[in-house]
Amino acid sequence: MFIILLWMVLSLVILAVVSFISLKHWLLSRKKKLHATSENSINVGIFHPYCNAGGGGERVLWCAVKALQKRYSNAKIVIYTGDIDASPNSILEKAKNVFNIAIDNDNVRFVFLKQRHWIEAKKYPHFTLLGQSLGSMVLGLEALLKFPPDIFIDTMGYAFTYPLFKYLVQSKVGAYVHYPVISSDMLKRVQQRQMSHNNKKYVARNPFLTWTKLTYYRLFSKMYKWVGRCAETIMVNSSWTENHILQIWDVPFKTHRVYPPCEVSHLKKLEHLEKGEEFIILSVGQFRPEKDHPLQLQAIYELRTLLAQDEALWNRIKLVIVGSCRNEEDYERLKNMQDLSKHLSLENNVQFKVNVPYDDLLKLYQTAHIGIHTMWNEHFGIGIVDCMAAGLIMVAHRSGGPLLDIVETSEGSQNGFLAVDAVDYAENLLNIIVNNVDTVGIRNAARASVERFSEQEFEKNFLRAISTLFPNA
Ligand SMILES: *[C@@H]1O[C@H](CO)[C@@H](O)[C@H](O)[C@H]1NC(C)=O
């Protein structure tokens, strides 16, 4: 009985090995044939199934393509995308219109993938992580069957595709990670039986389900680690992502922080129109709960207390809250905020501006002195970078991206301020307003420091990180 079982297992293993070897053999000969006409060029495949989405991730993609074209004239670039209803020209046109990035279309081709539905979250109401990951392998398989590249770069974080490209067609793999698929925070939340959007109430309440979920997450983390390490170079978009990826993948020598390119050059050129009579503190952000607008109102309330003796100065101070509302709930929150400002008798010093056009925002940047940001643990904070580029003095929350990546408060290189609670914010605001600090120096430092997040800086660091993927680097 035992012998038979052993024999069956053994033959299954042999069968698997043999089919893997023959599949690999077939794919490699196919790769050779496909690339026979282009001996001197190097084929770079970029995996970005949603390349026509026009978001921040797509700016990274197009800047990366442009950088590759500039640096490697012998690179043939192929973009794997699931946007089957868009034409190559319309995709490149959109890149030009949305991001003002002109891609030379001579050496860029698109491979259209039909299996993108496998990676959509709604397909997997349960075990979403595993479902999407296996789904991405199906999509990756379609990609490598259609075009096996010499170098494979994933710009959307589908790590489960890396072993396919590495082991089946011997591609060199590079990754740009915006976000870890699973993090130690997620594990901790399940362990401590907290409810959250990815830990439902009935799971948190039930010890057996919690145990099952924890085991699932732990196994998944192990797999994620193994596939992630198949990449030869790993780029992460911020310190926050870097910390998480180092925790899970733990390969510091091939992990590089490459900030995504921010469009700041036009903001850096904005001229500042200081107006004597008003002192504008600007807040820019959607009316989402995590932005913590109430803290801004409390900070202004505390500022008034600090300014008790100086009524005239208080009357000149104005907090302008600019934000967009996406839905009913956002409008509801806005209404609550307006009520709160009345409740604190701040209505003469606080102004709300909803869904303002970009040109008006630019004018506000020009007339405002200070920028305020209150969100706890924001992963980055592009809005802060924008304000600093536009010449505002920033008071941001002492956590997350502002603390790790953006705002520097040590003497000599100070480019802004950090605060935690309302009194803290008020004291910083007061110091800036009554000019206890070197506002000119800080403003200049802030404008200069955002260069770290520019397109040029991205290009330089991206090319440095991927150079190991190219032959004789
Ligand atoms: C990195 O990507 C995540 C997820 O898209 C995003 O929340 C974060 O703001 C990004 N960081 C930067 C520096 O853009």
Estimated dipole of segment 1-97 in Debye, rounded to 20 [Cβ of Lys and Arg +1, of Asp and Glu -1, Cα centre]
400
Sorted from largest down, what three extents in whole angstroms do the Cα atoms of segment 198-302 have along their principal axes?
63, 41, 20
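With a/c under 1.5 counting as rounded, go ahead and sort segment 403-454 into rounded, prolate or oblate using the C-alpha gyration tensor (a ≥ b ≥ c being the square roots of the eigenvalues; past the cut-off, prolate if a/b is larger than b/c, else oblate).
Numbers: a/c = 2.48, a/b = 1.42, b/c = 1.74.
Because a/c hits 1.5 or more and a/b fails to exceed b/c, segment 403-454 counts as oblate.
What size of dipole, in debye to the nearest 20, comes out for segment 264-453 about its Cα centre when the only charges are +1 on Lys and Arg C-beta atoms and -1 on Asp and Glu C-beta atoms?
Working: 18 positive and 27 negative charges, 76 e Å.
Here segment 264-453 has a charge dipole of around 360 debye.
Using 0.36 nm per residue, how much length does the chain from residue 251 to residue 467 gain when fully extended, once their Cα-Cα distance is taken away? Before the final figure, lay out each step's value.
Details: separation 216, 0.36 × 216 = 77.76 nm, distance 1.76 nm.
My answer for the length gained is 76.0 nm.
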Lys pairs in segment 264-453 with Cα under 18 Å (8 or more apart in sequence, or on separate chains) total 12
What's the Cα-based Rg to Rh of segment 238-357, Rh via Kirkwood?
1.11
Computed [θ] at 222 nm, helices only, for the chain once each DSSP H run of length n ≥ 4 contributes -39500 (n - 2.57)
-14500 deg cm²/dmol
Using packing as a proxy for protection, rank 311-324, 174-187, 7-20, 113-126 so that the peptide with the highest average count of other Cβ atoms within 10 Å comes first.
174-187, 311-324, 113-126, 7-20
So what is the diffusion coefficient of segment 1-159 in µm² per second by Stokes-Einstein at 4 °C and 1.567 mPa s, using a Kirkwood Rh over Cα pairs?
73
Gain upon complete extension [residue 457, residue 318; 0.36 nm per residue less C-alpha separation]
46.5 nm
Along the charge dipole of the chain, which of 343, 312, 453 sits closest to the positive end, that is, farthest toward it, with unit charges on the beta carbon of Lys, Arg, Asp and Glu (+1, +1, -1, -1)?
453
Taking alpha-carbon centroids only, segment 140-177 lies from segment 281-353 a number of Å equal to 48
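Residue 338 to residue 184: FRET efficiency via 1/(1 + (r/R0)^6), r the Cβ-Cβ distance, R0 41 Å, to the nearest 0.05?
Details: r = 39 Å, r/R0 = 0.96.
In this case the efficiency is close to 0.55.
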Here the membrane-span-like helices of the chain, with no claim about any membrane, defined by DSSP H, Cα axial extent at least 24 Å and mean Kyte-Doolittle at least 0.5, are 2-34, 128-146
Give the residues of segment 168-186 whose amide nitrogen is closer than 12 Å to a point set 7 Å from the Cα of residue 29 in the direction of its Cβ.
none
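Could you size up the charge dipole of the chain around its Cα centre, putting +1 on the beta carbon of Lys and Arg and -1 on that of Asp and Glu, and report it in debye to the nearest 20? Present the calculation step by step, with values, prior to reporting the outcome.
Details: 53 positive and 46 negative charges, 522 e Å.
It works out to roughly 2500 debye.
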Rounded to a whole number, the Stokes-Einstein D of the chain in µm²/s (Kirkwood radius over Cα pairs; 4 °C; 1.567 mPa s) is 52
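How much FRET efficiency would the formula 1/(1 + (r/R0)^6) give for residue 104 and residue 411, where r is the Cβ-Cβ distance and R0 is 30 Å, rounded to 0.05? List each step's numbers first, then the result.
Details: r = 46 Å, r/R0 = 1.55.
The formula returns an efficiency of 0.05 here.
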Alpha carbon convex hull of segment 376-473, projected area averaged over orientations, nm²
7.5
Could you compute the FRET efficiency for residue 325 and residue 269, with r as their C-beta to C-beta distance and R0 at 30 Å, rounded to 0.05?
0.50
Loop sites in segment 323-397: trypsin sites (Lys or Arg not before Pro), DSSP, at most 15 other Cβ within 10 Å
326
I need the peptides 454-462, 33-41, 278-286 ranked by packing, meaning the mean over residues of other C-beta atoms within 10 angstrom, with the highest value on top.
278-286, 454-462, 33-41
Which stretch or stretches of segment 239-267 have amide N atoms under 15 Å from the point lying 7 Å from residue 377's Cα along the Cα→Cβ direction?
240-241, 243-244
Cα-based Rg and Dmax for segment 264-453, where Dmax is the largest Cα-Cα distance (Å)
15.4, 46
Tell me which of 183, 377, 151 sits at the most positive position along the dipole axis of the chain, charges placed on C-beta atoms (Lys, Arg +1; Asp, Glu -1).
151
Among the listed pairs 31/94; 166/188; 123/213, which are separated by more than 21 Å between their Cα atoms?
31/94; 166/188
Using 0.36 nm per residue, how much length does the chain from residue 21 to residue 360 gain when fully extended, once their Cα-Cα distance is taken away?
115.9 nm
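Here, each number is a calculation from the coordinates, and none is a lab measurement. Please read these numbers as outputs of a predicted model, since none were measured by experiment. Note that each Cβ is placed from the backbone with ideal geometry, even for glycine, and that neighbours are counted across all protein chains shown.
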